Amino acid sequence: MADLGVNIDHVATVRQARRTFEPDPVWAAALAELGGADGITLHLREDRRHIQDRDLRILRETVTVKLNLEMACNDDVLAIACQIKPDQATLVPERREEITTEGGLDVAGQKARVAEVMARLRDAGVSISLFLDPDPRQIDAAAELKADAVELHTGQYAMAPPGPKRHEELETLRRMGARIREAGMALHAGHGLTYHNVRPVASIEGMHELNIGHSIVARAIMVGLEQAVREMKRLVS
Ligand code: PXP
């Protein structure tokens, strides 16, 4: 059975829309734990568009399940990661203009830099996952660098229309999943997973961890809005 890592970035996105104190991703993480999350995932971006340094610092103290920090190979964030020591760092690419992480990390094209970042994190006792497209060249590079885990980018699968195209993407994820495990690395996956498309991915042999954010936060708004309005209505009237 795969572990569920809940990505709470979107909670911080709503807070940052007003630069206020609510909703607090620290509260959200506690509620996610109550709901059964096996891990809390957050991305400290270079531009700090959602998660702030303060969030990571407090979450390190309060989260009792696995704390997974998504981060780019960026010196500023690397220094913070080595100081805060999340349980796991997931290395991702980052471009300022992107809406979300749009592709996997190009490990094969920057092996020396990724190795350097991995060494610093390892010295700090942080386990390392690499977020990769389901591409054998990238997976082999991750194996060469002895990553602890590879998180397969499921975006292409999630975007594919139901039918043969989606089936083909799922088969690719299965084959690449086997390659990751044969190389001795743990198999993770994430990006674009929803209540409708998650099950086939969760059922891939040896799937160890799924990281899901957008769909869970979107659903939380829908299942929580009615009660929130009721409470405000009571105060207003
Ligand atoms: N895994 C990684 C590496 C990501 O960058 C993201 C998006 O922040 C996710 C998983 C979660 O994706 P989604 O929000 O689409 O569930």
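Contact order for the chain, expressed relative to its length and based on alpha carbon pairs under 8 Å spaced 6+ residues apart, stands at 18 percent. Peptides 163-170, 178-185 ranked from most to least packed give 178-185, 163-170, packing being the mean of other C-beta atoms within 10 angstrom over each peptide's residues.
Kindly express, to the nearest 10 degrees and within the range 0 to 90, the angle between helix 25-34's C-alpha long axis and the longest C-alpha principal axis of the chain. Roughly 80 degrees, rounded to the nearest 10. From the square roots a ≥ b ≥ c of the eigenvalues of the alpha-carbon gyration tensor of the stretch 46-121, which class results: rounded (a/c under 1.5), prolate (a/b over b/c), or oblate? Taking the square roots of the gyration eigenvalues as a ≥ b ≥ c, the stretch 46-121 is oblate.
A 1.4 Å probe run over the stretch 79-237, with the rest of the protein chains in place, finds 55 Å² accessible per residue. Across the stretch 68-119, the mean sequence separation of Cα contacts (distance under 8 Å, 6 or more residues apart), normalised by length, yields a relative contact order of 35 percent.
Sorted into 10 angstrom bins from 0, the C-alpha pair distances of the chain split as 7, 32, 36, 18, 5, 1, 0 percent. When Ser127, Ser215, Ser203 are compared by accessible surface with a 1.4 Å probe, the order from highest to lowest is Ser203, Ser127, Ser215.
Counting only protein heavy atoms and a probe of 1.4 Å, the accessible surface of the stretch 97-237 is 55% carbon and sulfur. Set against the 2.2 N^0.38 Å expectation for a compact globular protein, the stretch 89-203 has a Cα radius of gyration ratio of 1.06. Residues in the stretch 1-75 average 50 Å² of solvent-accessible surface per residue, probe 1.4 Å, ligands and nucleic acids excluded.
Ranked by the mean number of other Cβ atoms within 10 Å per residue, highest first, peptides 216-227, 188-199 order as 188-199, 216-227. Here the stretch 2-80 exposes an accessible surface that is 55 percent carbon and sulfur, computed with a 1.4 Å probe and the other protein chains kept in place. Which shape class, rounded, prolate or oblate, goes with the stretch 1-127 when its Cα gyration tensor gives a ≥ b ≥ c as root eigenvalues, a/c under 1.5 marks rounded, and past that a/b bigger than b/c marks prolate? Prolate shape, in that a/c is at least 1.5 and a/b is the bigger ratio.
The values are calculated or read from the model by the stated rules, or taken from the named source; none is laboratory data. Keep in mind the model is a prediction, meaning the values are calculated, not measured. Note that each Cβ is placed from the backbone with ideal geometry, even for glycine, and that neighbours are counted across all protein chains shown. We work out accessible area using only protein heavy atoms, side chains counted, and drop any ligands, DNA or RNA first. Shrake-Rupley method; radii C 1.70, N 1.55, O 1.52, S 1.80 Å.
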